[in-house]
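Report on the following structure.
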Amino acid sequence: MLPPFVLPDALARAAGLGPGRPAGQRGARRNAGFQGLALATALLIAPLPVLAQNAAIRDVDVQSSPIPNFRLGSSDTVFGALEFVGGLTMRSSDREFGQVSGLRFLTPGEEFLGVADHGYFVFGTIARDAAMVPIGVERVRIHPIAGEGGRIIYDKEGKDAEGLSVHDGIATVAFERLARVEQFRIDPKDMKGPIDSLDFIIPPAELRYNQGLETIARAPDDSPLAGATVVVAERSVDGSGNIFAAILDGPQKGIFKVVRSEDFDVTDGAFLPNGDLLLLERRLSVTRGVGIRIRRFDGANIVSGALIDGDVVLEADLAYQIDNMEAMDVWKRADGATMISLMSDDNQSFLQRSLYLEFRLVE
């Protein structure tokens, strides 16, 4: 691990600030470079000290600023298979707001539930204008995640919630460091402890520390997986470098693998209405810089024992409005459009941002 604020030349170049940048160059590329340096520093340095967790259910005031353009210095709206609709930068004086690592809408495009990997459930509502463009985040409430018996979880090992799935009033949460999948009854007024746990099938010995269960998603009932729940690891790989994943129930119950490529790691996933799986991925490389991508996997290929690969529908680096993107959901807009929403995990660092980004799938 690098000491704070000391970066090698290669990382500075990856951030767009190293040798070879023409003198006096300004504008979007310079902004991307500074954002790259900040994000790379935040992700690579030793964790910065944060205030102790205030384990209380409470409402949180969040201030939002619009993100009108996805690519810095460009008014383009279509990127690969996605059309950018809008986004938000979110800030709060409450130190515990942020670090969202899983996202699911409880009502399409409006009320949402998230999990934060420092041990919180996060409820909120996306406010919109008449054109359905996101303009703010309202009615935010955070709940500390409780363990068995309703006791608040304080240690990082136990409260590292990374993935979230929602169905029939139940939140199913994947925890990474102390690997487990637990279910909670959704109550915006008072989230209690878990009511059940699920076998995640992947042998615990195959899960790397802090690179384990990262994604949990439930397939549509009328899809090839017929409502089955799937988990995918971040970077727990087999001997061939393929990522461990599993189908937790249904006739295809069992382990499958996902091809890992281009140094990207999985951060979240969600199913499209037709049963195809989208995986959100993140890359941090001293030679290639910071980036994100979304891959689409044919739902019919997700079966026990399979090795699956997907097509890239979006790829972006720090010339775009991204940060440490860790959360994703898919939902249907009132006009029938298939929408994809992303949120970032700011690691409670002043060097990073809490972002909300929204796209329409262009079929």
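The values are calculated or read from the model by the stated rules, or taken from the named source; none is laboratory data. Just so you know, these numbers come straight off a predicted model, no measurement behind them. Here the Cβ positions follow ideal geometry from the backbone for every residue, glycine too, while neighbour counts run over all protein chains shown. For accessibility, only protein heavy atoms count, side chains too; no ligands or nucleic acids. Shrake-Rupley method; radii C 1.70, N 1.55, O 1.52, S 1.80 Å.
For this structure, a couple of remarks:
- Answer residue from segment 270-279, given it is without any contact (Cβ under 8 Å) to a residue 60 or more places away in the chain and open to solvent by 10 Å² or more (accessible area, probe 1.4 Å) and is nearest to the chain's Cα centre (by Cα) among those: 271
- Among the residues of segment 80-121, the one identified as polar (S, T, N, Q), buried (at least 23 other Cβ atoms within 10 Å of the Cβ) and not in a strand (DSSP E or B) is 99.
- Any hit, segment 187-203, residues being open to solvent by 30 Å² or more (accessible area, probe 1.4 Å), within 18 Å of residue 327 (Cβ to Cβ) and touching a strand residue (DSSP E or B) at 6+ places or on another chain (Cβ under 6 Å): no
- Residue count, segment 164-205 (criterion: closer than 19 Å to residue 254 by Cα, among the acidic types (Asp, Glu) and more than 22 Å from the chain's Cα centre (by Cα)): 1
- Residue match in segment 211-218 (condition: assigned to a loop (DSSP other than H, G, I, E, B) and open to solvent by 20 Å² or more (accessible area, probe 1.4 Å)): yes
- Among the residues examined, residue 126 qualifies as under 24 Å from residue 355 (Cβ atoms), in contact with a Pro (Cβ under 8 Å, 6 or more places away or on another chain) and in contact (Cβ under 8 Å) with a residue 60 or more places away in the chain.
- Among the residues of segment 329-360, the ones that are within 20 Å of residue 80 (Cβ to Cβ), open to solvent by 10 Å² or more (accessible area, probe 1.4 Å) and not small (Gly, Ala, Ser) come to 6 in all.
- Tallying residues that are more than 10 Å from residue 304 (Cβ to Cβ), over 23 Å from the mean Cα position of the chain (by Cα) and not charged (D, E, K, R) within segment 238-255 yields 2.
- All positions within segment 96-122 that are in contact with a His (Cβ under 6 Å, 6 or more places away or on another chain) and at negative phi: 121
- Residues being hydrophobic (A, V, I, L, M, F, W, C) and under 21 Å from residue 187 (Cβ atoms) - total across segment 119-136: 4
- Given (1) β-branched (Val, Ile, Thr); (2) more than 20 Å from residue 103 (Cβ to Cβ); (3) surrounded by 19 or more Cβ atoms within 10 Å (Cβ to Cβ), index of the condition residue 267 fails: (2)
- Among the residues of segment 255-264, the one identified as assigned to a strand (DSSP E or B), open to solvent by less than 10 Å² (accessible area, probe 1.4 Å) and not β-branched (Val, Ile, Thr) is 256.
- Only one of the numbered conditions (1) assigned to a loop (DSSP other than H, G, I, E, B); (2) at pLDDT 95 or above; (3) exposed (fewer than 13 other Cβ atoms within 10 Å of the Cβ) is not met by residue 223, and that is (3).
- Of everything listed in (1) over 30 Å from residue 96 (Cβ atoms); (2) under 15 Å from the mean Cα position of the chain (by Cα); (3) among the aromatic types (Phe, Trp, Tyr), the single unmet condition for residue 356 is (1).
- Every condition in (1) assigned to a strand (DSSP E or B); (2) open to solvent by 70 Å² or more (accessible area, probe 1.4 Å) is met by residue 125 except one, and the failing one is (2).
- Some residue of segment 287-301 being open to solvent by 30 Å² or more (accessible area, probe 1.4 Å) and touching a Lys or Arg at 6+ places or on another chain (Cβ under 9 Å): yes
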